[in-house]
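The values are calculated or read from the model by the stated rules, or taken from the named source; none is laboratory data. Just so it is clear, the model here is predicted, and its values are computed rather than measured. Glycine gets a Cβ as well: all are built from the backbone with ideal geometry, and neighbour counts include every protein chain shown. For accessibility, only protein heavy atoms count, side chains too; no ligands or nucleic acids. Shrake-Rupley method; radii C 1.70, N 1.55, O 1.52, S 1.80 Å.
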Amino acid sequence: MRAPRRTRRQSVVAVVVAVALGLPALFGIAVAVGFVITPSVDDMPHRVDAILAAHGGTRVALNDVPDVLSEALIAIEDERFYQHRGIDTQGLVRAVLTDLYHHRALEGGSTLTQQLIKVLYMNNDDDGWRKPENLLLALKLESKFSKHTILENYLNAVYYGHGAYGIGQASAVYFHRAPAKLDLARASMLAGLPQSPSYYDLYRNPCAARARQFNVLAQMVHVGYIREDQAATAYSEPIGFPC
């Protein structure tokens, strides 16, 4: 007796199920292969120390950074920093959809981990065909180091403009104080600089820097780190660099 033929609907369902079951396996294989062929990230802290040494900076421990600075940075750059493992899929999808809608690159969708990889291992270039490498290295970095370590090294590795590398130099160059002495007004200002340090340079473009500070404070309110009245007080505090 001949077996009954599959209907077209049954065939489509079978294909969908096969793809659904197969894609995770293929992704897992691709990631495993990627972990093998991409460079090691074990030397990440040493690379950060090399940047600081090359520019006369010194490492600042995360315990010596006020919480408002860490919160400001996470709020504006990577609000799900403590939820993802190097890649924020929600942010990545949103960025892709936004870029497609506007037909041009508007959002990056990069996590703090990806940004650190870009600085340390990719010579600040993760465009086009280099993006998969950035994603793989971010996953690898998060498998090797804690969030605490990644955040500390990010703060010490990035450029803040006006010749300041690392949060120690940035705090001294712009506010003439140690990072531990930063209040919400100054911390929110510094947290906004790494996105475009030359453009937001407080000495050269204070109006743009102030606008960026407003966005940082607004995002801190949105995430729940501070209240609206605290943001308003910080934004109105005179910290130099009038617009």
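ASP127 falls short on exactly one of the conditions (1) touching a helix residue (DSSP H, G or I) at 6+ places or on another chain (Cβ under 6 Å); (2) at pLDDT below 95; (3) among the acidic types (Asp, Glu), and that condition is (1). Scan the range 86-107 and tell me whether some residue there is open to solvent by less than 40 Å² (accessible area, probe 1.4 Å) and at pLDDT 85 or above. Checked against the condition, which is being open to solvent by less than 40 Å² (accessible area, probe 1.4 Å) and at pLDDT 85 or above, the range 86-107 yields at least one hit. Among the residues of the range 37-71, those identified as β-branched (Val, Ile, Thr), part of a helix (DSSP H, G or I) and closer than 28 Å to ARG186 by Cβ are VAL48, ILE51, VAL68. Name the helices (runs of 4 or more DSSP H) wholly within the range 131-243 that hold at least 3 residues that are at pLDDT below 95 and crowded, with 17+ Cβ neighbours inside 10 Å? Helices (runs of 4 or more DSSP H) meeting the threshold: 131-144.
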